[in-house]
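Accompanying notes for the structure given below.
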C-alpha cells in the first residue's frame, strides 16, 4: 500500500463531547416532553457495573464503576441503559468524517474526543476563530444524534454539546476545550500558553491517581505551582513522567496532532472456473468477497463508506455497481446489502467470469472502534441486536408491552436467593 | 430499563405444611415429603428487619425438588426453588 506523507500539525483544535456514549444512547431513546431523569450506561465489559453517569445521577452520589445494586441503592429512579458500542462508534465516525472535511489531519483519541490539525488552514478560513467556527458548523451539519432531552442535560441540540479548544499543541487545546462552556470555544493564542495554563488545575494533566495524590500532598494544586518548581526537582521525584508533566505544565511541550493516512482502495476478486449467471450464486460470491475485503488488515480501524462491485462478463462485456453507505460500517451484511439490491435490480447482461469487490472510500474509526467493532464478532453482535430490537418492537406493537425481560444481578453475593437476581423490562 | 420495574426472581411463596414429631415437614400442600437433604439456618439483616430462617432442602412425592423455609420469627412456612 502506498502511504501519503506523514500528516502532522502543530496547531490543534480539540473537539470534546463529554459523556459521548451516554448522550448517544439517551438521544436514541428520547421522548420529547418527558421530564429529566438521572441515567447511567452499563459497562460493555461488565454489565454489573456502570460506565458513564449523567450529572443528575452523579448528584445523587452515583459514580462510574459502581455496581448496579450500589447505584440503585443511592438513586432509586436511576434509568439504566444497556451499551451499544457499535452505535457509538458509528456516531463518532460521523463526527470524524465531518472533521475530515475541515482538515485532513484528524486524530481520534477516545469516544467523544478528537483533535484536528489546523496548520495551514488560515489561508482557507482565516483566523483561529474562523477555523473553529468552520469546525462547529461542520459538526452541526453532520447529523450527529447526541441530543439529549430525556436524561437531563444543559444541552438540547448536538452542536451545543461540543466544546472546542484551540491552541499550539494537543495539550493546550485539550485544556482550552475543558475550559469552554458547552457549545462554545476557547482559543489560546500563540505566546500566551504559559499564562493560560498557570491557573489551570492539576487534574487536566494526564496523571495516574498515585501521581496526582503525591502532587497534591506536596501542596501543588495548579499547573502554575508545578511549573514554578525546578524541572530537576520534579524529575528526581517522578522520573521521566515528571519531566513530561513539568514541560506540559510550563507550556514548553506542544505535541502535534498526527493524522492517519486513508487506506488505498481494498479489492477482493474471484475468478469462476466456468462463467456464472445464477443470481443466488453471484449474491453468495458478493458476500464472500465483502467478508474477505473486510478482513484486510489495512481496513482495521476504518469503516467502509463507498463499495463497488465489478464483473468481467463473457464476450468482453462488463458490469459495475457502486454504493455509498449513508452510515459507514464494518458490518458484512450492511456493506453487501446495497450491492445485492443492485444485483437484483440491474443484473449483469451475461455470465460472469470474474467478480471483484472494492472498497474505495473509508470513514475513520477510533481506537475503541477497533476494540469493540472488531469485525466478525462485533458485526455479529450488532446483527443480533438489530434482529432482537426488531422482534421486540413488533411484540410491543401488537401487545402494547414488550413482555420481554432481562435478568440482572442485583446482590449476587446475598445469602437470600431472592435478593440475588431481578427481572427488568427489556426495551431495546 | 427502569429500576422501579425491577422484579425479584425466585421470591418465596407461602405454603401450608404439616409437621412431624421432629418439627420438620412431612406434608407440603397435600404432597408427602419423600426425603430431606441439607438443613441450614440464616440469621441476617439484624440492623434493620432481622431475618431468622431455617431452610430445608426437600424432595416431594413425585420427585419435585424444593427448598422449604421456616420463618423462625412468625412460624410461617414458605417454599422456594432450589
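The values are calculated or read from the model by the stated rules, or taken from the named source; none is laboratory data. None of these values were measured; they are calculated from a predicted model. With ideal geometry, Cβ positions are generated from the backbone for all residues, glycine too; neighbour counts draw on all protein chains shown.
Here the strands (runs of 3 or more DSSP E) wholly within region B:6-47 that include at least 2 residues being free of Cβ contacts under 8 Å to residues at least 24 places away in the same chain are B:17-19, B:25-28, B:31-44. Quick check on region A:310-328. Is at least one of its residues in contact with a helix residue (DSSP H, G or I) (Cβ under 9 Å, 6 or more places away or on another chain) and in a loop (DSSP other than H, G, I, E, B)? The answer is no; no qualifying residue exists. Here region B:9-22 is the region considered, the condition is being in contact with a strand residue (DSSP E or B) (Cβ under 9 Å, 6 or more places away or on another chain) and farther than 17 Å from residue B:81 by Cβ, and the residue that is nearest to the other protein chains (Cβ to nearest Cβ) is B:16. Reported count of residues in region A:388-405, each being touching a strand residue (DSSP E or B) at 6+ places or on another chain (Cβ under 7 Å) and exposed (fewer than 15 other Cβ atoms within 10 Å of the Cβ), is 0. Within the set A:36, A:5, the sole residue that is modelled with pLDDT under 80 and touching a strand residue (DSSP E or B) at 6+ places or on another chain (Cβ under 9 Å) turns out to be A:36. From the list A:179, A:163, A:168, the one residue that fits, being modelled with pLDDT of 90 or more and closer than 13 Å to residue A:136 by Cβ, is A:163.
Remark: residue B:69 falls outside the filter, which requires a residue to be assigned to a strand (DSSP E or B) and away from chain A (no Cβ under 14 Å). For region A:48-84, filtering for residues that are within 11 Å of chain B (Cβ to nearest Cβ) and closer than 26 Å to residue A:384 by Cα leaves 5. Within this structure, residue A:57 fails the test of being within 30 Å of residue A:140 (Cα to Cα), surrounded by 19 or more Cβ atoms within 10 Å (Cβ to Cβ), in the same structural domain as residue A:138 (by TED's automatic domain parsing) and touching a residue at least 40 places away in the same chain (Cβ under 8 Å). Taking (1) touching a strand residue (DSSP E or B) at 6+ places or on another chain (Cβ under 9 Å); (2) outside any helix (DSSP H, G or I); (3) at pLDDT below 90 in turn, residue A:273 satisfies each apart from (1). Here residue A:303 passes the criteria (1) more than 30 Å from residue A:170 (Cα to Cα); (2) assigned to a strand (DSSP E or B) except the one numbered (1). Of the residues making up region A:347-366, those that are modelled with pLDDT of 90 or more and part of a strand (DSSP E or B) number 8. Considering only residues in region A:414-428 that are farther than 18 Å from residue B:12 by Cα and more than 7 Å from chain B (Cβ to nearest Cβ), the one that is modelled with the highest pLDDT turns out to be A:426. Only one entry of A:248, A:226, A:197 meets the criterion of being touching a helix residue (DSSP H, G or I) at 6+ places or on another chain (Cβ under 6 Å), under 19 Å from residue A:164 (Cα atoms) and in a helix (DSSP H, G or I), and that entry is A:197. What number of residues in region A:276-300 are part of a helix (DSSP H, G or I) and modelled with pLDDT of 85 or more? Total meeting the criteria: 16. Apart from one condition, residue A:319 fits all of (1) without any contact (Cβ under 8 Å) to a residue 40 or more places away in the chain; (2) farther than 30 Å from residue A:7 by Cα; (3) surrounded by 20 or more Cβ atoms within 10 Å (Cβ to Cβ); the exception is (3).
Every residue, every condition in (1) over 30 Å from residue A:74 (Cα atoms); (2) out of contact with any helix residue (DSSP H, G or I) (no Cβ under 7 Å at 6 or more places or on another chain); (3) within 14 Å of chain A (Cβ to nearest Cβ); (4) at pLDDT below 90, yes or no:
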{"residue": "B:25", "(1), (2), (3), (4)": "yes, yes, no, no"}
{"residue": "B:31", "(1), (2), (3), (4)": "yes, yes, no, no"}
{"residue": "B:39", "(1), (2), (3), (4)": "yes, yes, no, no"}
{"residue": "B:42", "(1), (2), (3), (4)": "no, yes, yes, no"}
{"residue": "B:55", "(1), (2), (3), (4)": "yes, yes, yes, no"}
{"residue": "B:77", "(1), (2), (3), (4)": "yes, yes, no, no"}
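Residue B:6 falls short on exactly one of the conditions (1) over 16 Å from the mean Cα position of the chain (by Cα); (2) more than 12 Å from every other protein chain (Cβ to nearest Cβ), and that condition is (2).
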